[in-house]
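Here is the structure we will look at, set down as C-alpha cells.
A short reminder: the numbers here are calculations on the coordinates, not readings from a lab. Bear in mind the structure is a predicted one, so any value in this text is a computation, not a measurement. As a convention, Cβ positions derive from the backbone with ideal geometry for all residues, glycine included, and neighbour counts pool all protein chains shown.
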Amino acid sequence: MIVKLNIIVMKTKRFFIRSLVIASSLILGYWGITFFLDRVNTSLVYYKSGETLVIGRHAVEAVSLPQLPDNQIRNVILFIGDGMGLSHLTAARTNLMGPDGRLHIEQMPVTGLVATHSADDLITDSAAAGTALSCGVKTTNGSIGVDANGQRHITILEAARDAGLSTGLITTTSLADATPAVFASHVRSRGMKAEIALQMLRARVNVLFGEGEYFYPKTDPRSERKDNENPLTLAQELGYTIIDNKEDLPNAEANFLLGLFEDLTTDRMKPEMQAPVLTPSLVELTDKALALLSCNTKGFFLMVEAEGVDHGSHVNRPDYFIEHLKNFDAAVKVAIDFALQDKHTLVLVTADHETGGLNLLDGSPASGQFEVAWATDRHSGQPVPLFAFGPHAMRFTGLKDNTEIPKIVAELMNLDNFPKD
Ligand SMILES: [Zn+2]
C-alpha cells in the first residue's frame, strides 16, 4: 500500500499556535505525527492520509527568517561568495530544491544590491572589490588594503581588533589569496603572497583558516615560498597554535589559532579530485571559529569566503559552482543559527563580483533542469546581491556601493577608529 501524505509547514515556534493547529487538525479529522524540522527553519509539520507529499526537491517551502529587534550589535559575520551573482543562487536553488524552495541565504529577510566596479575598471577583481568591502575605499584592480595611490587604509577587521574585539578569517582557498588578504594586509599587488602571509600573521587575527602554501617555509613540500622566511616560526613567536588537519580542529583551544589545510576547494565532480580525508568542511571551520571567537564578550568580526563559485564559473561549470554554493549555504546556516540564539549578531552575505555573466535559459520548474548561458569565463560588471539578517539588517537594503558596506558595519559596531568617509 502506498501511504499518501499531506504536509503543512508552519513557520511559528509558538506553543499556543502549534497547539491550535494540532487541535483543529483533530477536529477536521486530520491525523498524523507532529515533529519539528529545523532544516527548513520550521517548527511544526503534520500530515494526514489521502494527499501526496513529494519528499525531496519540493519539500522545502519558501520560508523566511524573522526580522530581529535592533539590539546593539556585538558580532558581525561577513560571508563573501567569490563570484556569486543572482543567477548562481537561482541556479543552485532550482537544481537543489526546485524554483519554489529557498536556500538558507535566500531566507535572510533583508536584501540589497551592491555595485562592484573598481577605481580603474568597470569589471573588478577580488583584490579591489575586497579592499572596498574591507577598507571602504575604491582602488585599482590587484591592490590589497591600499588605495589607488598605494596609501594604506585601516580595515574593518583591524578596527575591530584595535577596539578589543576578536577577529577571524576563513577561506576555502589560499589564506594569502586576495579576499582574506584585504582584511589583514596592505600591499600594492595581490601577487605578493609571501609578504601578505607575514603581514596577516603580524596583524594578530585570532582565527586564520585556509590553505597554507605561503605559510609553510620553502623546505616544506607544501610551500610555494621562494624566500627564506619561516612564517610558522613567526606564528609561534606571536603565540599561534598551528594545526593542519581536521582531527585537531575540535579540541584546538587557543587565543590565536592558525589552521592550514589542503585542497579546501577541490573540483569534487572529478573522481580523482576528492578532498583529502583530513580536510575539514566549511561548515566545520565556521562552527569552530564561532565557538572560539564568541568567548570574547566584547564581540567579534569574522569573514568567511567560499572560492568554489568563482572557480566553477571561470571554467563555466554549473555542477562545480552549485556543489560549492551548497557548501557555502550550509556554512551560512551555521551563522544564522548562531545569530538566532545570540540576538546581537549581524550576518551579511554578499559577493565581491559576479563571475561568468551567467544566465538561465530554458528550463522546467518540475524537473529543476535548465540550460545555462555564459557571457564570459571572466568576471562581469553585474551588481551582486546582498542578504542581511540580524539587528539593523534594514540598513543594508537598496543599492549600495561596495565601499559603503564596511562603513555601515563600523557605525553599527561603534568602531570609531574606522573612517566614516
Ligand atoms: Zn575570479
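Summary table
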| read-out | value |
| --- | --- |
| Translational diffusion coefficient (Stokes-Einstein; Kirkwood radius from C-alpha pairs) of the range 75-412 at 10 °C, 1.306 mPa s, in µm²/s | 80 |
| For the range 303-379, fraction of C-alpha pairs farther apart than 21 Å, in % | 41 |
| For the range 320-336, 3J(HN,Hα) per residue [Karplus equation, 6.51 cos²θ - 1.76 cosθ + 1.60, θ = phi - 60°, Hz, x = Gly/Pro] | 5, 6, 5, 4, 6, 5, 4, 5, 4, 4, 5, 5, 4, 4, 4, 5, 4 |
| FRET efficiency, 1/(1 + (r/R0)^6) with R0 25 Å, evaluated for T233 and E284 via beta carbons | 0.35 |
| Translational D in µm²/s for the range 196-293 (Stokes-Einstein at 20 °C, 1.002 mPa s, Kirkwood Rh from C-alpha pairs) | 152 |
| Three-way shape call for the range 140-225 based on the alpha-carbon gyration tensor, with the a/c threshold at 1.5 | oblate |
| Cα-centre dipole for the range 192-334 with unit charges at Cβ (Lys and Arg positive, Asp and Glu negative), debye to 20 | 340 |
| Whole-angstrom Cα spans of the range 324-421 along principal axes, big to small | 49, 33, 21 |
| Counted charge near I123, where neighbours are those whose Cβ lies closer than 11 Å (Asp, Glu -1; Lys, Arg +1) | -3 |
| Cα-based Kirkwood hydrodynamic radius, the range 67-106, one decimal, Å | 12.4 |
| Inter-label distance, nm, simple model (7 Å from Cα along the C-beta direction), L122/K298 | 4.5 |
| Dipole magnitude of the range 100-210 about its Cα centre (Cβ charges: Lys, Arg +1; Asp, Glu -1), debye to nearest 20 | 360 |
| Two-site label geometry, S367 and D337: point separation in nm, points 7 Å out along Cα→Cβ | 3.5 |
| Spread of Cα-to-Cα distances over 10 Å intervals beginning at zero, given as percent, for the range 377-421 | 22, 47, 24, 7, 0 |
| Residue-span extension gain [D416 to N149] - 0.36 nm each, minus C-alpha spacing | 93.7 nm |
| Kirkwood hydrodynamic radius (C-alpha pairs) into Stokes-Einstein, the range 96-205, 10 °C and 1.306 mPa s, D in µm²/s | 106 |
| Length gained when the stretch N245-R378 is fully extended (0.36 nm per residue, less Cα-Cα span) | 44.6 nm |
